[in-house]
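The values are calculated or read from the model by the stated rules, or taken from the named source; none is laboratory data. Just so it is clear, the structure is predicted and the values come from calculations on it, not from any experiment. All Cβ positions, glycine included, derive from the backbone under ideal geometry; neighbour counts span all protein chains shown.
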Amino acid sequence: MRISPSPLIPSFLVGLMAACAAPIPAPQPWPLRPDPVGQIGGERLADLLHLSLDLELDHEAREVRGVASSWFRALRDDTSELLLHGVGLEILEVHDAAGEALVFEVQEPQIRITLARPLAKGEEEVLHVRYRAQPERGLYFRDETRFSENFAPSLFTQGQKHNHRHWVPLWDEPNDRATLEVRARVGLSMELISNGQLVEVERHSAESRTFHWRMEQRVPTYLLALIAGRFDRYRAPHPSVELEFIVAEEAGEQRARETFGETASMMNFFEKKLGTKFPYPRYAQGAMADFVTGGMENATLTLVGESMLGTHEENQDLEGRPRRIIAHELAHQWFGDQVTCWGWSHLWLNEAFASWMELAWVGEVEGEDARRLRLEQYRERFLGRADRVALPMALDWHTQGCSPNRAHHVYTKGPWVIEMMSRFVGPKDFDAALALYLERHKDSLVTADDFVRAVFDATGRNLMPMVQQWVWSGGLPELVVQHEIAGQEVNLQLEQSQVPSHTVPLFDCPLSVDLVTSIGRVRHELRFSERSHAWRLPFEGELLNVLIDPDGALLSSLRQTKSEAFWMHQAADFEEPLAVWRALPALRQIAASSPAARALLLRILREHPEPLLRQRAARQTTWISEASRAALVRATCEDPAPSVRSQAARGLSSHAPGRPFNGRDPLAQRLVAAQETETSARTREAITALLLIGDAP
């Protein structure tokens with residue numbers, strides 16, 4: 001049965017207030033703090049105020065040339081030099097505001113520029129850098145789109161992490177903010193779009209124009225973006241924000257609206273949840289050919305790859321990925337763009353919140369069960385990257401030697417940490433704290449301390465112990481749980497099996513345990529902090545199951561030893577999708593020798609209302625029998641979810657070599673009929689492969 005949520009905060013969540021890790025013997029102090037200098041790009045010599053680009057983008061030569069101008073205000077007296085970043089650039093000359101040529105020295109990635117005279121604190125100066133470059137990173141030229149066989153020129157930029165310095169000289173760290181202005185000339189009948197709003201367009205010839213864009217809000221320069229191409233542009237209604245979808249000419253309006261069409265509803269939902277309006281007057285989203293990452297939240301101009309652009313039928317095999325990426329990048333306009341991490345070691349403050357908000361939208365449109373299962377997928381991805389698990393989310397000087405790409409766990413562990421914090425504070429109070437955090441730090445830089453203080457001021461809750469344990473430290477509780485029944489008591493033993501180190505602690509956490517009996521369910525609120533613990537838990541009636549962390553409230557890895565009957569009981573409880581999800585791997589092992597387990601797994605495949613669970617059941621149906629064969633064919637032909645049909649069809653590939661689907665097989669006839677009406681390309685291909693095996697001599 002389903003436990004109704006209590007209107008009060010459960011006691012085990014209140015216990016999270018003290019959730020700091022127990023000290024461990026180590027040569028280094030613990031917990032570790034992220035490096036406050038090296039990972040914010042070093043110390044600034046001046047405050048960047050404005051970045052203006054006057055460029056010519058030569059598609060045929062794959063070249064950019066022009067002038068990059070940076071307005072600075074000195075932060076100290078006697079400032080005699082200023083720094084920019086540049087890699088692989090040909091710097092032709094540098095002038096100041098008076099037009100005087102300045103001495104510069106290129107020491108990649110820095111460009112050190114000696115001023116004509118020292119600046120006093122607060123005094124402003126402009127650096128005009130004339131340059132040219134044929135970049136291999138940061139600015140990308142493309143000649144085609146997947147929607148046409150004809151020549152279709154386009155280009156785009158991608159700044160995060162340190163990519164802009166490869167195509168333009170600028171201050172290229174997230175620890176400063178500037179207004180942006182772009183004048184760029186493009187040919188080949190392309191149009192150019194950048195941050196902010198269009199000021200004017202100057203036509204030079206039938207195929208060449210200069211576009212002038214300006215962004216009035218100050219943002220980190222890694223959020224600068226340029227795209228150019230032969231586009232179709234579609235508007236969407238919103239009461240206060242100008243919304244636009246940008247796609248290649250041949251892509252069509254249907255694909256644009258199918259991919260981006262939920263944006264206005266997402267924006268309204270986020271504004272309500274966060275208690276603050278969208279930060280900018282305009283928001284455009286562009287789908288670019290052969291984009292270099294999943295998506296990028298450039299201020300007012302999010303970019304995604306053309307692979308996400310499709311009709312409803314074409315997007316079926318993406319399993320909701322466009323929806324989640326669109327929501328993720330939209331959330332970044334608050335978390336990352338308006339409020340920005342103070343250097344890359346604090347990247348979790350951008351990405352964890354964006355991933356958590358992405359799942360909030362999934363819960364809004366697909367239901368809470370889908371949100372929780374997507375969060376569970378993030379946990380499994382985190383655990384599947386062994387080289388990431390031990391890294392703190394806020395990387396410290398012990399771990400900075402690793403590649404920046406190893407910080408991927410901020411996307412998977414990150415939303416779990418935010419979820420635990422929200423549960424501890426309480427969802428409504430947590431949302432109110434986020435509103436204060438965003439308002440207080442609007443257009444500025446933040447660290448975890450800023451977030452903790454906002455939550456404390458809004459709710460009185462202290463998240464610092466959780467930050468110490470889950471952000472500044474790495475790892476997670478790796479729990480090994482066993483139990484014995486002694487009369488009307490359960491003797492429960494728990495061990496933390498992770499190896500403590502200077503980054504991985506022994507965790508101090510609350511833990512819920514449900515004893516399911518013939519007369520109901522009893523919850524015990526426990527706490528663990530040492531290497532091992534033992535508890536004696538009373539119950540009444542016949543014990544049917546022991547559920548550890550039944551609500552999925554704790555980020556952990558869990559190895560629980562219990563009977564086949566208990567696993568079967570857990571997998572059969574359709575009212576608890578998370579419990580079923582966690583039971584399915586064990587059920588698959590039991591199915592090797594248990595007809596009842598095989599029948600239950602096939603029942604989940606046929607009947608469970610949650611598509612993610614039916615898909616997981618299809619993946620676990622790996623044994624070969626008449627029943628499994630028939631169930632997978634039925635799922636391939638009839639399941640309403642494309643992801644389930646596709647997974648079931650792929651599962652049938654293990655059956656085909658031993659017993660091909662020939663024309664006399666009634667199941668093969670069902671596959672032939674389904675192939676004719678199937679709208680999922682992936683499923684059609686899988687069915688075709690199955691039938692080809694059957695036709696082979």
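Can you pull out every residue in segment 300-327 that is surrounded by 24 or more Cβ atoms within 10 Å (Cβ to Cβ) and under 10 Å from the mean Cα position of the chain (by Cα)?
Ala327
Among the residues in segment 69-79, are any within 28 Å of Phe156 (Cα to Cα), aliphatic (A, V, I, L, M) and in the same structural domain as Leu224 (by TED's automatic domain parsing)? Show your work before the answer.
Step one: list which residues in segment 69-79 are within 28 Å of Phe156 (Cα to Cα), which gives 69-72.
Those left that are additionally aliphatic (A, V, I, L, M): none.
Checked segment 69-79: no residue is within 28 Å of Phe156 (Cα to Cα), aliphatic (A, V, I, L, M) and in the same structural domain as Leu224 (by TED's automatic domain parsing).
For Arg598, state whether it is surrounded by 14 or more Cβ atoms within 10 Å (Cβ to Cβ), in contact (Cβ under 8 Å) with a residue 24 or more places away in the chain and touching a Gly at 6+ places or on another chain (Cβ under 9 Å).
Numbers: surrounded by 14 or more Cβ atoms within 10 Å (Cβ to Cβ): yes; in contact (Cβ under 8 Å) with a residue 24 or more places away in the chain: yes; touching a Gly at 6+ places or on another chain (Cβ under 9 Å): no.
In short, no.
Return the pair list, or none, for Cβ contacts closer than 7 Å from residues in segment 358-371 that are surrounded by 19 or more Cβ atoms within 10 Å (Cβ to Cβ) to residues that are among the basic types (Lys, Arg), at least 6 apart or on different chains.
Within 7 Å, the pairs are Glu358/Arg324; Leu359/Arg371; Leu359/Arg374; Ala360/Lys273; Val362/Arg324; Val362/Arg371; Val362/Arg374.
Can you work out which of the residues in segment 278-297 that are among the hydrophobic types (A, V, I, L, M, F, W, C) and within 20 Å of the chain's Cα centre (by Cα) is surrounded by the most Cβ atoms within 10 Å (Cβ to Cβ)?
Start the filter on segment 278-297 by keeping residues that are among the hydrophobic types (A, V, I, L, M, F, W, C), which leaves 278, 284, 287-289, 291-292, 296.
From what is left, the residues that are within 20 Å of the chain's Cα centre (by Cα) are 278, 284, 287-288, 291-292, 296.
Values: Phe278: 21, Ala284: 22, Ala287: 29, Met288: 25, Phe291: 20, Val292: 15, Met296: 23.
For segment 278-297, the residue satisfying everything is Ala287.
For segment 206-233, how many residues meet the condition of being surrounded by fewer than 17 Cβ atoms within 10 Å (Cβ to Cβ) and under 27 Å from Phe147 (Cβ atoms)?
Final tally of qualifying residues: 5.
Among the numbered conditions (1) in contact (Cβ under 8 Å) with a residue 40 or more places away in the chain; (2) under 26 Å from Phe335 (Cβ atoms), tell me where Ala236 comes up short.
With (1) in contact (Cβ under 8 Å) with a residue 40 or more places away in the chain; (2) under 26 Å from Phe335 (Cβ atoms) applied to Ala236, the lone miss is (1).
Assess whether Gly138 counts as being surrounded by 15 or more Cβ atoms within 10 Å (Cβ to Cβ) and closer than 26 Å to Val446 by Cα.
On the way: surrounded by 15 or more Cβ atoms within 10 Å (Cβ to Cβ): yes; closer than 26 Å to Val446 by Cα: yes.
For Gly138, the condition - surrounded by 15 or more Cβ atoms within 10 Å (Cβ to Cβ) and closer than 26 Å to Val446 by Cα - is met.
Please determine whether any residue of segment 165-177 is of a type in the set (A, V, I, L, M), within 30 Å of Asp290 (Cα to Cα) and not in a strand (DSSP E or B).
Within segment 165-177, one or more residues are of a type in the set (A, V, I, L, M), within 30 Å of Asp290 (Cα to Cα) and not in a strand (DSSP E or B).
Filter segment 438-464 down to the residues that are within 14 Å of Val425 (Cβ to Cβ) and outside any helix (DSSP H, G or I) and list them by number. Quick ask: steps written out before the conclusion?
Initial filter on segment 438-464 (within 14 Å of Val425 (Cβ to Cβ)): 451-464.
Once the filter is applied, which keeps residues that are within 14 Å of Val425 (Cβ to Cβ) and outside any helix (DSSP H, G or I), segment 438-464 yields Gly460, Arg461, Asn462, Leu463.
Do any residues in segment 643-665 that are among the acidic types (Asp, Glu) have Cβ atoms under 9 Å from those of residues that are assigned to a loop (DSSP other than H, G, I, E, B), where the two are at least six apart or on different chains, and which pairs are they?
That search, which allows pairs on different chains as well, returns Asp665/Arg659.
Inspect all residues belonging to segment 214-224 and state whether any of them is under 27 Å from Glu262 (Cα atoms), of a type in the set (Ser, Thr, Tyr), modelled with pLDDT of 95 or more and touching a Phe, Trp or Tyr at 6+ places or on another chain (Cβ under 9 Å).
no
Looking at (1) more than 25 Å from Arg218 (Cα to Cα); (2) surrounded by fewer than 21 Cβ atoms within 10 Å (Cβ to Cβ); (3) within 22 Å of the chain's Cα centre (by Cα); (4) at pLDDT 95 or above, find the lone condition where Gln400 falls short.
That leaves (4) as the condition not met.
Please enumerate the residues belonging to segment 646-677 that are out of contact with any helix residue (DSSP H, G or I) (no Cβ under 8 Å at 6 or more places or on another chain) and under 22 Å from Thr622 (Cβ atoms). Let's see the steps before the verdict.
First pass over segment 646-677, keeping only residues out of contact with any helix residue (DSSP H, G or I) (no Cβ under 8 Å at 6 or more places or on another chain): 654, 658, 664, 666, 669, 676-677.
Once the filter is applied, which keeps residues that are out of contact with any helix residue (DSSP H, G or I) (no Cβ under 8 Å at 6 or more places or on another chain) and under 22 Å from Thr622 (Cβ atoms), segment 646-677 yields Ser654, Gly658.
Of everything in segment 498-530 that's out of contact with any strand residue (DSSP E or B) (no Cβ under 8 Å at 6 or more places or on another chain) and on the phi < 0 side of the Ramachandran plot, which residue is surrounded by the fewest Cβ atoms within 10 Å (Cβ to Cβ)? First the steps, then the outcome.
Going through segment 498-530, the residues out of contact with any strand residue (DSSP E or B) (no Cβ under 8 Å at 6 or more places or on another chain) turn out to be 499, 501-502, 504, 519-520.
Now restrict to residues that are on the phi < 0 side of the Ramachandran plot: 499, 501-502, 504, 519.
On the way: Val499: 9, Ser501: 16, His502: 18, Val504: 22, Ile519: 11.
Taking the candidates together, the pick is Val499.
Say we look at segment 446-490 and pick out the residues that are among the small types (Gly, Ala, Ser) and free of Cβ contacts under 8 Å to residues at least 60 places away in the same chain; which of these is surrounded by the most Cβ atoms within 10 Å (Cβ to Cβ)? Step through it out loud before you land on a result.
Applying the first criterion (among the small types (Gly, Ala, Ser)) to segment 446-490 yields 448, 454, 458, 460, 473-475, 486-487.
Subsequent filtering for residues that are free of Cβ contacts under 8 Å to residues at least 60 places away in the same chain retains 454, 458, 460, 486-487.
Working: Ala454: 22, Ala458: 19, Gly460: 10, Ala486: 9, Gly487: 7.
Per the stated criteria, the residue is Ala454.
Here are Leu89, Leu119, Leu127: which of them is assigned by TED's automatic domain parsing to the domain that holds Gly252, of a type in the set (A, V, I, L, M, F, W, C) and under 26 Å from Asp337 (Cα atoms)? Full working, then the answer.
Values: Leu89 fails: under 26 Å from Asp337 (Cα atoms); Leu119 fails: under 26 Å from Asp337 (Cα atoms).
Every option except Leu127 fails the conditions.
Can you name the residue in segment 630-649 that is surrounded by fewer than 20 Cβ atoms within 10 Å (Cβ to Cβ) and assigned to a helix (DSSP H, G or I) and, of all such residues, is farthest from the chain's Cα centre (by Cα)?
Residues of segment 630-649 that are surrounded by fewer than 20 Cβ atoms within 10 Å (Cβ to Cβ), as a first pass: 630, 634, 638, 640-641.
The next check asks that each one be assigned to a helix (DSSP H, G or I); those that pass are 630, 634, 638.
Numbers: Ala630: 38, Arg634: 34, Glu638: 32 Å.
Per the stated criteria, the residue is Ala630.
Scan segment 245-277 residue by residue and report those that are out of contact with any strand residue (DSSP E or B) (no Cβ under 8 Å at 6 or more places or on another chain) and either surrounded by fewer than 16 Cβ atoms within 10 Å (Cβ to Cβ) or β-branched (Val, Ile, Thr) (or both). Full working, then the answer.
Within segment 245-277, the subset out of contact with any strand residue (DSSP E or B) (no Cβ under 8 Å at 6 or more places or on another chain) is 254, 258, 262, 265-266, 268-277.
Residues satisfying the conditions are Gln254, Ser265, Asn268, Glu271, Lys272, Gly275, Thr276, Lys277.
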